[in-house]
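I have placed the structure first, in the form of structure tokens, so that the comments after it can refer back to it.
The values are calculated or read from the model by the stated rules, or taken from the named source; none is laboratory data. Being a predicted model, the structure only gives us computed values, none of them experimental. Every residue, glycine as well, gets a Cβ built from its backbone with ideal geometry; the counts of neighbours run over all protein chains shown.
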Amino acid sequence: MAMLKKKAPDQRKLDATATRLDGLQRPTGGWAEPARKDAEARLRAMGLPQGRDEYWKYTRPDTLTSAEVTPAAIFDAGEPQVFHAFDRLKIVFTDGAFDAEASDDLSLENVEIERLRESSADIHWARDVYGVLEARGQSPVERPLAAFNTAFAEDGVLIRVTGKVSKPICLIYNHASETSDAILHHVVKVEEGGELTLLENGPAAARFNKCMEIDVADRATFRHIRTQGRDHERRAATHIFGRLGEESVFKSFTLTANGVMTRNEVVLELTGDDAVAHIAGACMGDGDFHHDDTVFITHDAVNCESRQVFKKVLRNGAVGVFQGKILVEKGAQKTDGYQISQSLLLDDNSTFQAKPELEIYADDVACSHGSTSGAIDEEALFYLRSRGIPEGEATDYLTLAFLAEAVQEIDDEALQDEIVERISAWLFRRRAR
Amino acid sequence: MLEIKNLHVKLEEEDKQILKGVDLTVEAGKVHAIMGPNGSGKSTLSYVLSGREGYEVTDGSATLLGEDILDLEPEERAAAGMFLAFQYPVEIPGVGNMTFLRSAVNAQRKARGEEEMSSSDFLKEIRAKAKELQIDADMLKRPVNVGFSGGEKKRNEILQMAMLAPKLCILDETDSGLDVDAMKLVSEGVNALRSPDRGFLVITHYQRLLDHIKPDVVHIMSDGKIVKTGGPELALEVENNGYAEFQETA
């Protein structure tokens with residue numbers, strides 16, 4: 001395959017990485033140790049990302065890789081957390097540490113839930129996934145922060161789904177210390193015919209590195225809805241690595257409001273015929289805000305569908321980035337690939353950088369991608385105002401309308417309403433200020 | 001009710017005078033029609049009255065119920081009783097028709113210092129009014145004007161007008177894009193709203209709409225001015241002879 005050529009990393013970069021890693025203690029023992037060791041070796045060979053790296057052209061990695069964490073103030077929204085009214089199984093981490101008291105009992109029908117840290121068996125099902133999907137996702141583009149995560153994450157959850165799970169599992173990430181540096185690594189395996197909805201919410205820490213590997217077997221369904229927490233100064237680098245079997249369904253939606261630095265990478269491999277993958281994101285940024293969605297979807301089976309819908313609302317100098325690629329391997333005929341990334345710029349100071357890519361080696365496929373940046377539609381604004389709706393409120397309506405295509409990717413209507421309500425509340429607070 | 005005096009308007013961005021001294025008074029309870037050829041300034045007049053950006057008033061005045069409206073924001077004019085039924089109603093994906101209309105009704109009430117309408121009262125009222133206009137429940141739930149046919153969009157405009165109960169209704173080329181049946185339905189909706197304390201300004205290129213919405217007064221506009229005013233018979237005259245003679249006198 002003709003890909004981004006891997007350049008030999010320069011020695012200074014590797015030396016800097018070695019210095020950084022030498023100060024860290026990799027967790028030892030248990031079934032995950034070989035994978036961690038392997039990840040550290042891979043990381044030392046590729047080096048932590050630097051601003052000069054092509055894949056980090058639009059997002060500066062330094063605050064995500066530095067030894068010192070930039071402190072982040074704790075934000076009290078003064079309102080119940082998102083999803084609070086939903087019947088769900090809560091698993092709570094505070095600054096990356098498991099919070100047993102705040103968490104529910106981990107037993108639930110059709111699913112096995114364990115903490116990474118406490119899974120002491122020598123042979124564990126997660127061994128086939130932990131660090132495995134992450135390592136597969138390192139080619140053709142390196143993702144050093146994910147290898148870093150595999151090597152150094154001390155905790156996370158291991159979820160094995162064996163049937164239809166009756167209620168969502170919700171991972172809640174509380175932020176309590178202004179200088180916390182959290183690393184979590186989750187593994188999800190949805191066995192054949194299984195069905196799970198996974199929710200995530202909360203700012204997690206001053207700096208959060210999270211990796212989630214999701215293996216979706218044939219005819220299994222995985223749904224994922226996350227909100228990343230409104231702490232203005234938090235930083236996060238997250239990775240989702242997914243592998244999809246035959247006739248499986250993978251749907252993920254992310255809402256990001258605030259956060260000074262967010263890089264969300266999603267790397268999916270459609271390996272079974274007739275699989276469906278939808279990735280969507282809605283983000284709202286105001287001021288000192290940088291949000292990067294980086295997506296790589298590989299079609300390696302026949303008659304699969306993938307859909308990427310990313311919408312960003314930016315104001316007061318906020319920056320949005322989208323790097324999205326669809327790779328259709330030889331033989332992945334009848335691929336249906338769709339990708340749209342759009343920004344709504346509410347003033348002249350904000351910027352949106354988009355790099356949509358298609359790389360296709362099959363000859364019977366339908367792939368499309370589009371990217372736009374625009375301001376509020378003056379015609380629509382006048383229409384709403386002419387009906388008596390004040391300018392600020394009318395702008396909010398049009399903002400919601402802009403985000404709608406992404407939000408509508410959430411299948412469950414109640415969850416969709418919950419997200420819309422959060423967005424409305426965020427907009428309303430901006431207006432009230 | 002609506003008093004326009006010597007109104008001069010140019011485009012903000014370029015040096016082009018569109019309205020060159022319009023004088024017009026619409027009384028409560030009356031329907032005034034403005035007819036005129038394309039480019040005569042009819043639509044500009046409707047936009048200037050409802051507060052659309054892009055125009056600069058260089059001279060003259062316009063008052064609604066004695067209040068100078070030209071310095072008001074569009075939403076303030078709406079609250080004061082102005083309503084413009086758009087020639088091309090705008091599609092707003094992601095915003096439910098009913099949500100939008102309820103916000104509009106309550107925003108206007110709030111601006112006037114009135115109590116907000118409860119959601120049960122609102123529902124009751126909108127259902128009754130939608131029924132009269134043959135707007136089904138699905139259209140009320142769908143995003144504003146998205147996927148609506150030309151006729152549905154215009155009916156939706158009239159539904160908004162009925163719910164907002166304005167003092168002055170401006171209909172901008174409401175007949176455009178309508179077949180005969182749709183025009184009848186829309187006209188009936190408009191006629192049902194005629195009342196002694198409400199004025200109408202119906203802007204149209206063709207006479208046919210005026211068969212359904214009978215005007216009290218007809219004005220002919222040409223080159224940015226009202227060039228002739230008369231009764232309903234004036235519309236028939238235009239229908240038979242075209243606008244040529246009025247353009248000559250302009």
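Specify which of the listed residues (A:G320, A:G324) is touching a Leu at 6+ places or on another chain (Cβ under 8 Å), over 30 Å from B:A78 (Cα atoms), modelled with pLDDT of 95 or more and part of a strand (DSSP E or B).
Working: A:G324 fails: touching a Leu at 6+ places or on another chain (Cβ under 8 Å).
Criteria check complete, one pass: A:G320.
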Original post:
Do any residues in segment B:90-107 that are more than 7 Å from chain A (Cβ to nearest Cβ) have Cβ atoms under 7 Å from those of residues that are among the basic types (K, R) and part of a helix (DSSP H, G or I), where the two are at least six apart or on different chains, and which pairs are they?
Top reply: B:G96/B:K141; B:N97/B:K141; B:M98/B:K141
Subject >> Every residue from segment B:139-153 that is within 14 Å of chain A (Cβ to nearest Cβ) and part of a helix (DSSP H, G or I) >> reply: B:K141, B:K153
Original post:
Just wondering, is there one or more residues in segment A:329-341 that are within 14 Å of chain B (Cβ to nearest Cβ) and crowded, with 20+ Cβ neighbours inside 10 Å?
Top reply: yes
Original post:
Which one of the conditions (1) more than 14 Å from every other protein chain (Cβ to nearest Cβ); (2) under 30 Å from A:L398 (Cβ atoms); (3) in a helix (DSSP H, G or I) does B:K184 fail to meet, given that it meets all the rest?
Top reply: (2)
Original post:
Looking at B:I34, is it without any contact (Cβ under 8 Å) to a residue 24 or more places away in the chain and either surrounded by fewer than 21 Cβ atoms within 10 Å (Cβ to Cβ) or in contact with a Lys or Arg (Cβ under 8 Å, 6 or more places away or on another chain) (or both)?
Top reply: no
Original post:
Is it the case that segment B:60-74 has a residue that's farther than 20 Å from B:V202 by Cβ and buried (at least 21 other Cβ atoms within 10 Å of the Cβ)?
Top reply: yes
**OP:** Output the number of the condition that B:K10 fails; it satisfies all remaining conditions of (1) away from chain A (no Cβ under 14 Å); (2) of a type in the set (K, R); (3) under 17 Å from the mean Cα position of the chain (by Cα).
**Re:** (3)
Subject >> Boolean, B:E239 is farther than 28 Å from B:R112 by Cβ, at pLDDT below 90, surrounded by 14 or more Cβ atoms within 10 Å (Cβ to Cβ) and not assigned by the TED database to the domain that holds B:V105 >> reply: yes
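So which of A:S368, A:S373, A:S386 is buried (at least 17 other Cβ atoms within 10 Å of the Cβ), away from every other protein chain (no Cβ under 14 Å), among the small types (G, A, S) and without any contact (Cβ under 8 Å) to a residue 40 or more places away in the chain? Give the derivation first.
Values: A:S368 fails: buried (at least 17 other Cβ atoms within 10 Å of the Cβ); A:S386 fails: away from every other protein chain (no Cβ under 14 Å).
None of the other options fit; the residue is A:S373.
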Original post:
Among the strands (runs of 3 or more DSSP E) confined wholly to segment A:169-259, which include 1 or more residues that are farther than 23 Å from A:A97 by Cα?
Top reply: A:181-190, A:195-201, A:207-216, A:221-227, A:235-244, A:249-257
